[in-house]
Structures are given as C-alpha cells and as structure tokens.
Amino acid sequence: MFTGVAFDFQQYLGQKRSRIQAELERLLADNDPEILWESMRYSVLGGGKRIRGVLCLAAAEAAASKSGISADEAVLLALPCASAIEMIHAMSLIHDDLPCMDNDDLRRGRPTNHKVFGEATALLAGDALLVMASEVLMSRTPEQVEKSYLIDVALELVRTSGARGLVGGQVADMASTGLMDMPPSVAAEKLSMIHERKTGALIRFSVWSGARLCGADQDLLKAFKRYGEILGLSFQIADDLLDVTGSVESLGKTPGKDQAAGKLTWVSAYGVEGARAKLSDLEQEGKSILHHAGLSSETAAPLAALLEYSIHRQN
Ligand code: GRG
C-alpha cells in the first residue's frame with residue numbers, strides 16, 4: 001500500500017532509538033542512592049526494542065504533519081512522553097520478572113533485575129520509575145504543548161498503568177494460569193481483556209499520546225486509537241507465538257514459559273494457525289486505517305512499518 005515510498009525503516013528505527021536512549025541516559029544520570037539508580041539504569045538503558053517510545057515519536061511526527069509542526073519539532077514535543085513510556089515499560093518488566101510474579105531469571109539476554117540487585121531494590125527501582133515517568137512527562141514536556149493536551153496525556157498515562165490497564169491485566173493474567181481448558185467463549189473474552197490491558201493499553205497509549213501532544217484532531221485521534229489497539233493486539237499475539245516458536249538465543253528470555261505455566265494465550269486458545277490468521281487480519285485492518293487517515297504516504301510510512309515489524313519480528 002505504501003510502496004513507491006523510499007523509506008529506510010532500519011535507519012529510522014536506529015535514529016529514533018538513539019534519540020530515546022540519549023534522553024533516558026540524561027534523565028537517569030543520578031547516583032543517590034547509588035544502588036537504586038544503578039538498578040533503574042540497568043533495566044531502562046539495557047537494551048529492548050523501544051517499540052513503544054518509537055511509536056510515540058512516529059505518531060507525533062505524523063500528526064504534526066497535519067498541524068503545521070515540523071517533524072523535528074514534533075520529536076522534541078513528544079520525547080519526554082516517549083521516555084516516560086519506556087520507564088513504565090521497564091518497570092513493568094522488572095515487576096513481572098519478580099519471584100512473586102513470573103519468576104524469571106533472564107530478560108533481554110541478561111540476568112533479571114532482582115537477580116542482580118536483589119528483590120527489594122528491584123521492587124523499589126520499579127516504584128521509582130513508575131513515579132518518575134509522570135514527573136518527566138509533566139516537567140519536561142516543552143511549553144509549546146498546549147496545557148490541556150498535556151493534562152489529557154498525563155491522565156491517560158496513569159490510567160493506562162493502573163487497575164484498568166497494566167496492573168489489572170497482570171492480575172487477570174495471573175488468575176488465568178492453569179485455566180487453559182475453560183470453555184472457548186469464556187477463554188476468548190478473558191484473553192481479549194488480558195491482552196487489551198497487559199500489553200495493549202501501553203502500546204495504544206504510545207500511538208495516541210504522540211498524536212495528542214502534536215494537536216491531532218478528533219478524527220485522527222480516533223483512527224490512531226484503533227491503530228494503537230491493532231498494534232497492541234498484534235504485538236501480544238506475535239509474543240504468544242514467539243513463546244512457542246522462539247529460542248532462548250533469539251528471544252533473550254526463556255521460551256515455553258506460558259505453556260509450562262498453563263497460561264491462557266492466543267496460541268493456547270486458537271492454536272498456531274489461528275494466531276497467524278488473526279495477525280494477517282489485523283495487518284490488513286491496520287493498513288486500511290492508515291490509508292484512510294488522510295496522511296501522505298511519506299508520513300504514514302513509519303507507522304505502517306512499525307505494525308509490520310511488530311507482527312514479523314523474531315524477538
Ligand atoms: C504499571 C504499576 C504497574 C505495574 C506493573 C507487572 C505488571 C504491572 C504488568 C506486566 C506487564 C507486562 C510485563 C506485559 C508484557 C508485555 C510484553 C509483551 C513485554 C515485552 O515487550 P517487548 O518485547 O520488550 O517490547 P523489550 O525487551 O523489547 O523492551
């Protein structure tokens with residue numbers, strides 16, 4: 001659909017990742033108390049695809065093209081939000097890996113945070129990152145962003161993190177363990193609720209927030225909200241598939257854990273082929289939404305490529 005557009009996705013991804021990485025390094029340059037900041041840096045700066053932060057910047061650039069804001073300016077306006085999102089994501093991984101939750105030893109090819117710093121510090125590093133994310137968003141977002149936009153985004157960020165978002169999704173996910181054999185209709189409903197909150201909420205927020213900060217109108221916000229939902233669901237289904245088809249070397253974490261724990265996943269509910277078919281439907285819907293969003297091919301290209309990447313990634 002966006003063929004004919006000369007767009008180098010790897011270069012785009014590399015540039016945006018470096019931009020986010022540099023900002024996060026700057027924000028986390030503190031050492032008092034040293035072990036806390038070391039632990040925070042370990043998880044925020046130590047790798048990761050940065051898909052959420054990059055999505056926020058890509059959506060900001062796309063929305064800016066309709067609001068008379070340059071792409072460079074859009075990145076400046078959304079960079080604190082992209083950094084806040086990566087902080088929330090990193091803290092959710094730290095807590096998810098704790099012995100009281102998924103009890104994982106390996107993340108991004110390295111020992112998990114609590115394995116290096118101990119459970120108490122890992123827990124507190126997660127807490128500090130959660131709070132710091134809102135601080136960064138509110139205090140670092142440039143003055144040019146209209147205050148009402150920033151308040152909307154700040155409110156949505158805390159909602160996304162809480163009981164109606166990540167935390168609720170995690171609790172529902174834990175409660176689904178060992179329930180692989182529930183009736184299909186119940187499984188389908190539970191699964192979509194878990195995916196929507198645990199993974200979908202932050203990815204949807206990433207797309208929506210970038211656009212909101214750059215003055216997107218209601219139609220574009222609505223389109224991006226759905227595009228974010230599609231991305232979030234695709235990302236999690238791909239994750240469920242990788243848990244079955246991936247290796248420890250390619251994933252940097254232990255595969256097969258969902259199945260071993262008897263977790264409800266897209267693959268356990270619909271099988272590998274069912275999961276692949278759903279991904280293909282979502283990819284088509286995503287393309288159609290972007291096509292009708294009134295963006296030029298050039299401005300839509302990064303968002304289109306990010307959906308494709310989420311679906312076809314190997315880690
Ligand atoms: C937000 C207050 C608060 C608490 C956290 C533990 C928890 C509550 C939620 C769990 C959220 C979670 C771990 C969801 C899984 C999402 C997912 C697919 C993670 C992997 O994301 P990638 O592949 O990771 O983008 P990288 O390593 O590339 O950054």
Suppose we keep just the alpha-carbon trace of segment 111-194; what are its Rg and Dmax in angstrom? 17.8, 53
Gap in Å between the Cα centre of segment 217-288 and the Cα centre of segment 68-118? 19
Positive-end extreme of charge dipole, segment 92-221 - chosen from GLN170, HIS95, VAL186 (charges on Cβ): HIS95
With 0.36 nm assigned to each residue of separation and the Cα-Cα distance removed, TRP37 to VAL171 gains 45.5 nm
For the pair SER134 and GLU273, how long in nm is the line joining their label points, each one 7 Å along Cα→Cβ? 4.9
Among the listed pairs LYS49/LYS225; LYS257/LYS278; LYS147/LYS225; LYS190/LYS263, which are separated by more than 18 Å between their Cα atoms? LYS49/LYS225; LYS257/LYS278; LYS147/LYS225
Could you work out which residue, out of GLY215, GLY68, GLY126, moves most in a Gaussian network model of the chain, that is, has the largest mean-square fluctuation with Cα springs under 10 Å? GLY68
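So for PHE7, PHE224, what's the accessible-area order with a 1.4 Å probe, most first?
Details: PHE7 70, PHE224 0 Å².
From most accessible down to least: PHE7, PHE224.
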Per residue, how large is the accessible surface of segment 9-312? Use a 1.4 angstrom probe and give square angstrom. 43
Go through LEU150, TYR227, ALA71 and say which Cα lies farthest out towards the positive end of the charge dipole of the chain; charges sit on Cβ, +1 for Lys and Arg, -1 for Asp and Glu. TYR227
At 10 °C and 1.306 mPa s, the Stokes-Einstein diffusion coefficient in µm²/s for segment 9-312, with hydrodynamic radius from the Kirkwood sum on alpha carbon pairs, is 81
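Calculate the FRET efficiency for ASP127 and SER18 from the Cβ-Cβ distance with a Förster distance of 25 Å, rounded to the nearest 0.05. Numbers along the way, then the final one.
Details: r = 28 Å, r/R0 = 1.13.
It comes out at approximately 0.35.
Kindly identify segment 269-315 as rounded, prolate or oblate by the Cα gyration tensor criterion: order the square roots of the eigenvalues as a ≥ b ≥ c, call it rounded if a/c is under 1.5, otherwise compare a/b with b/c, prolate if a/b is larger, else oblate.
Numbers: a/c = 5.01, a/b = 1.91, b/c = 2.63.
Oblate is the answer for segment 269-315, as a/c is 1.5 or above yet b/c matches or exceeds a/b.
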When the Kirkwood radius is taken over all Cα pairs of segment 1-136, what Stokes-Einstein diffusion coefficient follows at 25 °C and 0.890 mPa s, in µm²/s? 154
Could you pull the Rg and Dmax for segment 96-152, using just the Cα atoms, both in Å? 16.2, 44
What the 10 Å binned alpha carbon P(r) of segment 223-277 shows, as percent of pairs per bin from 0, is 24, 47, 24, 5
Would you work out the charge dipole size for the chain about its Cα centre, treating the Cβ of every Lys and Arg as +1 and the Cβ of every Asp and Glu as -1, and quote it to the nearest 20 debye? 300
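The values are calculated or read from the model by the stated rules, or taken from the named source; none is laboratory data. Computed from a predicted structure; not experimentally measured. All Cβ positions, glycine included, derive from the backbone under ideal geometry; neighbour counts span all protein chains shown. Heavy atoms of the whole protein, side chains included, go into the accessibility calculation; ligands, DNA and RNA do not. Shrake-Rupley method; radii C 1.70, N 1.55, O 1.52, S 1.80 Å.
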